[in-house]
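So the structure is just underneath, and the comments pick up after that.
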Amino acid sequence: MNEREEDLVISIGGSILLPEDHDVSGLTSLAEMLQKNIDEKTFYLVVGGGNIARKYIEWGRDLDADEATLDELGIETSKLNARLLIIALGKRCYPVPANDFDEAISAGNHYSIVVMGGTHPGHTTDAVAAMLAERLGSKRLINATSVDGVYTSDPNKDDDAEKIEKLSYDELIEIVSKGEREAGPNVVFDPLAARIIKRADIQTSIVDGKDLDSFEDAIQDNLSEGSKIGP
Ligand code: UTP
């Protein structure tokens, strides 16, 4: 049985994971920071598809694929990204992306780190992370993404957008539900994931995954920058 202190699920956006050109140093630093913080924890890392998924989805859409088929492209890409993170993490990590929750949970009984990607069409890897956290009975979840928190509106489009440091599950649901519901959206947190963290009461921190200091603070349950969602 798993006798570790805490199971911690982290949704890692593909956009923060993928190296630029030939420089994998960001991925190496991320892997080192995660390894340093394992302590008595088991990390379950759910990896997103990032720009590569968006490109495949765009190409598939140009070829007139249906939305569920486009979702499958996103799922396969997230698993490819999961493999890259597994390589960077080395031998304390379960050696393949877990295909489903049962595999992830049993792998977590033997390894300190388990990585997985997407599972089924119709949601993003944030929802996978929220469901896995619910299955594990986790009290908290981290979403390490490409923005540094939840904003009142899209900060890339609206100059008046303001960061919200603390918000309730219902406030988050209201903000993210304005996003699109088709393959490859890029909202700060998946609306389905927002509903799952509410029903399971999983307090969630949203942090800029490229800012490793903030990310580390969030792992240590000491959020410095970012947004915290709770009851
Ligand atoms: P992501 O989880 O990568 O979504 O899934 P994202 O919001 O673009 O996240 P970042 O940029 O990596 O942070 C990409 C797409 O893959 C499909 C969906 O179409 C999703 O939009 N997908 C992913 C699924 O259908 N099911 C899954 O379980 C995961």
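The values are calculated or read from the model by the stated rules, or taken from the named source; none is laboratory data. This one's a predicted model, so the numbers in the text were calculated from it and none came from an experiment. Cβ atoms come from the backbone with ideal geometry, glycine included; neighbour counts cover every protein chain shown. Quick note on the areas: whole protein, heavy atoms, side chains included, nothing else; ligands and nucleic acids left out. Shrake-Rupley method; radii C 1.70, N 1.55, O 1.52, S 1.80 Å.
Structure notes:
- Given +1 at the Cβ of Lys and Arg, -1 at the Cβ of Asp and Glu and no other charges, the dipole of the chain around its Cα centre is 640 debye to the nearest 20.
- Sulfur and carbon atoms: percent of accessible area, segment 185-231 [1.4 Å]: 38
- Per residue accessible area of the chain, 1.4 Å probe, in Å²: 50
- Average Cα contact separation per residue, the chain, under 8 Å, 6 or more apart, as relative contact order %: 23
- The chain: most fluctuating residue of 31, 82, 129 per GNM, C-alpha cutoff 10 Å: 31
- For segment 59-156, the share of accessible area belonging to carbon and sulfur comes to 55 percent (1.4 Å probe, ligands and nucleic acids excluded).
- Probe 1.4 Å - accessible area at residue 135, Å² to nearest ten: 130
- Solvent-accessible surface ranking, highest first, for 63, 85, 73 at 1.4 angstrom: 63, 73, 85
- The chain: calculated mean residue ellipticity at 222 nm from DSSP helix runs of at least 4, using -39500 (n - 2.57): -12500 deg cm²/dmol
- Computed from label points 7 Å out along Cα-Cβ, the spacing between residue 106 and residue 37 is 3.0 nm.
- When 169, 56, 111, 94 are compared by accessible surface with a 1.4 Å probe, the order from highest to lowest is 56, 111, 94, 169.
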